[in-house]
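The values are calculated or read from the model by the stated rules, or taken from the named source; none is laboratory data. Note that the coordinates shown come from a computational prediction; the quantities given were computed from them, not determined experimentally. Here the Cβ is made from the backbone with ideal geometry for all residues, glycine too, and neighbour counts use every protein chain on show. With ligands, DNA and RNA removed, areas are computed over all heavy atoms of the protein, side chains included. Shrake-Rupley method; radii C 1.70, N 1.55, O 1.52, S 1.80 Å.
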Number of protein chains: 2
Amino acid sequence: MTPRQTRHRDRVDAARPRGIPEATVARLPVYLRALHALQDRGVATVSSEELAAAAGVNSAKLRKDLSHLGSYGTRGVGYEVEYLVYQISRELGLTQDWVVAIIGLGNLGRALAGYGGFASRGFRVAGLLDADERIVGQEISGLSVQHIDRLEDVIGEHGVSIAVIATPAGAAQGVCDRVVAAGVTSVLNFAPVVLSVPEWVDVRKVDLSIELQILAFHEQRKAGGPDGASGLNGRPRGLNGSPPEPVQYVEAAE
Amino acid sequence: MTPRQTRHRDRVDAARPRGIPEATVARLPVYLRALHALQDRGVATVSSEELAAAAGVNSAKLRKDLSHLGSYGTRGVGYEVEYLVYQISRELGLTQDWVVAIIGLGNLGRALAGYGGFASRGFRVAGLLDADERIVGQEISGLSVQHIDRLEDVIGEHGVSIAVIATPAGAAQGVCDRVVAAGVTSVLNFAPVVLSVPEWVDVRKVDLSIELQILAFHEQRKAGGPDGASGLNGRPRGLNGSPPEPVQYVEAAE
DNA sequence: GTTTGTGAATCCATTCACAGCG
DNA sequence: CGCTGTGAATGGATTCACAAAC
């Protein structure tokens, strides 16, 4: 464990080794979800093996990930569910509330506004904004949609720190520039464009069609060998529930 | 290790068109989108530097990625846009049509059904299914929603090869088992659960709240140091368009 | 006995830097 | 010249495997 200095930030407090790997950060929410499910079932303690299975990763990875937060397990026993929930939540910053605004209330924006997973994780949707006069004024999930002209006001009044952009592609960069100018430093972008932002702003993007394209790539491989030609929408042949081939690939599904 | 697919491991091949790194595959759709935008602007030729900027990556990475597909550029000149579009499309399997079914037509499913990015990339939505009697029969984006009982029929009749699951969490695994039994080998999952599938099935998941949580983590870091107390929703102080600190962070959004 | 936490080994991805080609 | 394509170097992330802790 080389406590080599970290890339971000300077003031590392005496507390824990700051500098959790990005790949680990991306998995913590998954562990958290699995832990919440265990909590709901009344489970008090869990081993790395069990939790890993519930989260869909392997146990060595899980242990390494958790070790970046500290030593929260007990050898020979496992992890106390409640305690681990708290530690991960704290690390992710979910013990405080985050104020979110959603810009663009087409189908996707509506879906996001009503998404239960936000509220339950400490995200509070405080503003809905759109440019379309027919949408402005509508009530969606208990909030009235405001005109995009009010963007800066809404951000300032509610202390919005995360903006969710669900506008058409053409409008996204302009909206992004405005939210950044108004002080927002985290953006979740659903529009299919690459946003450019100042270096101190974080952007994450979700692109539905990209995910499908990645699936198509793998699907294509399964279907025909190197000699394309398989046709038939990439489906090998078995229409009813049998694996494409009895081929035994290495390393089973653990 | 759910979405795992092995495929290589025996038969080590030379530098064939086969064996494209997963990270590269995930970026090809981004390049493709940037190329389409260039095409629309009538650009015929592009350098790795320009295309990289449009796609939001650095040029060395772009060139390395493209080199996995073959040598499609001209030294001293760049890449011919149209030709590159074709090559990437072919590699991703987008020169054929993929038949998709969407299961679950709540807000999110509706958004997906109407998403333009699907049709434009060769994905044809051929079936919409839901369990809720109030939703069955509704027309959404030109298709009539069918009862989930018809799932296997729809998959068989239309040759569905990709299933998009947008059901509540509790229903997702059951639906997944059924689509897999019916022969689907690629699943795009929007439900917040880890699906378990046979090894020959690919799953990709999109979890909106996970993305927000990752943002929260970074936002928290920016806001206050280790000494909590910063309050104010993580927003540093500048309310109007000035960077939080004159600090020079490393690594921007690349 | 069981299970964690972690060095060491391995694998994968990114970046560098330049040879080679137009 | 300018720009691609790619070996070599670097840096992360994953996995292995086991000693330490309960």
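In this structure, residue B:125 qualifies as within 19 Å of the chain's Cα centre (by Cα), β-branched (Val, Ile, Thr), under 21 Å from residue A:211 (Cβ atoms) and open to solvent by 20 Å² or more (accessible area, probe 1.4 Å).
Based on what the data block shows, is residue B:219 at pLDDT 95 or above and open to solvent by 30 Å² or more (accessible area, probe 1.4 Å)? Here the answer is no, as residue B:219 does not meet what is asked.
Among the residues of the stretch B:167-176, those that are surrounded by 15 or more Cβ atoms within 10 Å (Cβ to Cβ) and part of a helix (DSSP H, G or I) comprise B:171, B:172, B:173, B:175, B:176. Every condition in (1) modelled with pLDDT of 95 or more; (2) more than 12 Å from DNA strand D (Cβ to nearest atom); (3) over 21 Å from residue A:192 (Cα atoms) holds for residue B:75 except the one numbered (2). Inspect the stretch B:46-69 for any residue being of a type outside the set (Gly, Ala, Ser), at pLDDT 95 or above and more than 29 Å from residue A:169 (Cα to Cα) and give the result as yes or no. Yes, the stretch B:46-69 contains at least one residue that is of a type outside the set (Gly, Ala, Ser), at pLDDT 95 or above and more than 29 Å from residue A:169 (Cα to Cα).
Among the residues of the stretch B:52-69, the one identified as within 18 Å of the chain's Cα centre (by Cα) and within 11 Å of DNA strand D (Cβ to nearest atom) is B:65.
For the stretch B:186-203, the condition of being assigned by TED's automatic domain parsing to the domain that holds residue B:115 and without any contact (Cβ under 8 Å) to a residue 12 or more places away in the chain holds for none of the residues. Of all residues in the stretch B:108-136, those satisfying the criterion of being assigned to a loop (DSSP other than H, G, I, E, B) and either within 9 Å of another protein chain (Cβ to nearest Cβ) or more than 21 Å from residue B:179 (Cα to Cα) (or both) are B:114, B:115, B:120, B:121, B:122, B:134. For the stretch B:177-198, a residue qualifies if it is at the interface with chain A (Cβ under 7 Å from one of its Cβ atoms), closer than 19 Å to residue A:30 by Cα and surrounded by fewer than 19 Cβ atoms within 10 Å (Cβ to Cβ), but none of them does. When the stretch A:73-110 is filtered for residues that are closer than 27 Å to residue A:135 by Cβ and open to solvent by 10 Å² or more (accessible area, probe 1.4 Å), the ones remaining, listed by number, are A:97, A:106, A:107, A:108, A:110.
Considering only the stretch B:78-107, how many residues are among the hydroxyl-bearing types (Ser, Thr, Tyr) and away from DNA strand D (no atom under 16 Å from the Cβ)? Working first, answer last.
Here is the first cut: in the stretch B:78-107, the ones among the hydroxyl-bearing types (Ser, Thr, Tyr) are B:79, B:83, B:86, B:89, B:95.
Right, trim to away from DNA strand D (no atom under 16 Å from the Cβ) and you get B:89, B:95.
Final tally of qualifying residues: 2.
Do we have any residue at all in the stretch A:2-22 that's modelled with pLDDT of 95 or more, facing chain B (nearest Cβ under 10 Å) and surrounded by fewer than 15 Cβ atoms within 10 Å (Cβ to Cβ)? Taking every residue of the stretch A:2-22 in turn, at least one turns out to be modelled with pLDDT of 95 or more, facing chain B (nearest Cβ under 10 Å) and surrounded by fewer than 15 Cβ atoms within 10 Å (Cβ to Cβ).
One residue stands out among those in the stretch B:199-208 that are more than 18 Å from residue A:220 (Cα to Cα) and at pLDDT 95 or above: the one that is nearest to the other protein chains (Cβ to nearest Cβ), which is B:206. Among the candidates B:118, B:123, single out the residue that is within 26 Å of residue A:191 (Cα to Cα) and at pLDDT below 95. The match here is B:118. Within the stretch B:41-51, the residues that satisfy the criterion of being open to solvent by less than 70 Å² (accessible area, probe 1.4 Å) and within 11 Å of DNA strand D (Cβ to nearest atom) are B:45, B:46, B:47, B:48, B:51.
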